[in-house]
1. Pull out the extension gain between M69 and S307, defined as 0.36 nm times the separation in residues minus the alpha carbon to alpha carbon distance; nm, one decimal.
2. How large is the dipole of region 57-282 about the Cα centre if only Lys and Arg carry +1 and Asp and Glu carry -1, each at its Cβ, rounded to the nearest 20 debye?
3. Per DSSP H run of n ≥ 4, the term is -39500 (n - 2.57); total these for the chain, divide by its residue number, and report the mean residue ellipticity at 222 nm rounded to 500 deg cm²/dmol.
4. Could you tell me which residue out of T264, Y246, Y62 lies farthest along the dipole of region 57-282 toward its positive end? Charges go on the beta carbon: Lys and Arg +1, Asp and Glu -1, centred on the Cα centre.
5. Spelling out what I want: for every residue of region 381-395, take phi, set θ = phi - 60°, compute 6.51 cos²θ - 1.76 cosθ + 1.60 (Karplus), and round to whole Hz; glycine and proline get x.
6. Relative contact order for region 57-282: what percent, with Cα pairs under 8 Å and sequence separation of 6 or more?
7. Going 7 Å from the Cα of K88 in the Cα-to-Cβ direction, what parts of region 237-255 have a backbone nitrogen less than 19 Å from that spot?
8. Could you derive backbone 3J(HN,Hα) for region 345-350 from the dihedral phi with the Karplus parameters 6.51, -1.76 and 1.60 (θ = phi - 60°), listing whole Hz in sequence and x where the residue is Gly or Pro?
Amino acid sequence: MLAQRTSLFDSSGTATARAAAKVAAAAGRNIIDMTAGEIWIELAPTIREGAIDAINRGVNRYTDTIGMMELREALAWKVSLDTGMIWKAEEVSVTSGAKQALFNAAMVLLNPGDEVIIPAPYWTTFPAQVLIAGGVPVFVGTRSSGYVPRVDDIKAAVTERTRVIVVNTPGNPTGAVYDVETLIAIAQLVINRNLWIIFDECYGNFVYGHYTHHSIVSVAPEVRSRTIIVNSFSKSLALTGWRIGYLAGPKEVINAMKALQSHTTSNPNVIAQHAVLAHLQRDDGGYENKLRSQLTGARQVGLNVLSSMTRIPVPEAQGGFYFYLDLSGLLGPPPLTNGAKKTADDVVNTLLSEAGVAAVSGTAFGDTIGLRLSYGIPTEELETGLIRLVEVLDAWNDTTI
Ligand code: PLP
């Protein structure tokens, strides 16, 4: 008999979708996998050299629990540049990916029963971690407002138990980028109601067209003492497997997280820390630019193909590296009950069986009629996969499957 807490979470929806794609590929099918939240590109030379150098120097010991001081200093400098205000190393902590940063935040901020407002569709891990920490996720729909929440809707969701508002911009899965007015209004609400903000900007390097990524502390500096900024090299340096993320926030929060992390994972992998430090010291922005231009190109190729869809609006794809499709043209509005109506899960199954395309169903993100496609894959594959996808979606009818 397992602990009751295990009923609060399941393996993440994106991991399940990836596993289904792998099974189909192992059975010999040609599968184009658009499920992954990672980017296909070679490793940054600075990262490679930094890691090799650390290994050649025989680095093998624990570091400080929340990261080497030189790395925290370099990150404090980076956050200072990103936000336009000075940050010190004592306000920064290095974690094993942003996932750990977010988990630490939930564990040190939430008391049992505290409510956390999460705009939906949401990245699956936000509510799972809130539940594990004993909190209660409260969702605010964003479908009718271009996937950026209306501040009035957030206000209406705030109760005496509310403790945190999660802001993820650009957002996973929708790619929506929060505008300055919304960020300022959220900051005001947070101050008026004495709340915290968890500000996840893991996709902040990737915004397109006229969209700009804004840090909430830059546009509303008064909210800095109530904000935990979460970021990661998983996306910005295509370094998912190396597991280096970080957060910036008030010193007391960092100290509490340090104590927590000292009983869980201790320091993030030391070689990966050295690699990221080398990158921060030596890189001239060239690799990030290359990554950005690769994604900009892939996004354009993808949008060209998707613009031929007849029943689904072309996604805006404002930021990140996902196309998020609104399937209401195929499935109708979201069902009010769990009736027999078809959902994005059925569309995902059909795409896998008929188009050989693996996608993530919006049900993983609290949206039964959304579909997420990652364009962080090789461009040729992307184009082929999307052509096959459009064909199947255009031919979709109620008897499909
Ligand atoms: N935050 C968001 C919004 C994400 O989409 C992800 C990963 O997909 C993460 C955080 C975690 O990234 P990592 O733990 O790899 O740094």
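The values are calculated or read from the model by the stated rules, or taken from the named source; none is laboratory data. Since the model is a prediction, treat every value here as computed from it, not as a measurement. All Cβ positions, glycine included, derive from the backbone under ideal geometry; neighbour counts span all protein chains shown. Keep in mind that these areas ignore ligands, DNA and RNA; they rest on the heavy atoms of the full protein, side chains included. Shrake-Rupley method; radii C 1.70, N 1.55, O 1.52, S 1.80 Å.
1. 80.8 nm is the gain from fully extending M69 to S307.
2. 500
3. One gets -12500 deg cm²/dmol as the mean residue ellipticity at 222 nm.
4. Y62
5. 3J(HN,Hα) across region 381-395, in whole Hz: 4, 4, 4, 4, x, 5, 4, 5, 5, 4, 4, 5, 5, 5, 8.
6. Relative contact order of region 57-282: 27 percent.
7. The answer is 247-255.
8. Taking θ as phi minus 60°, the curve returns 4, 5, 5, 4, 5, 5 Hz for region 345-350.
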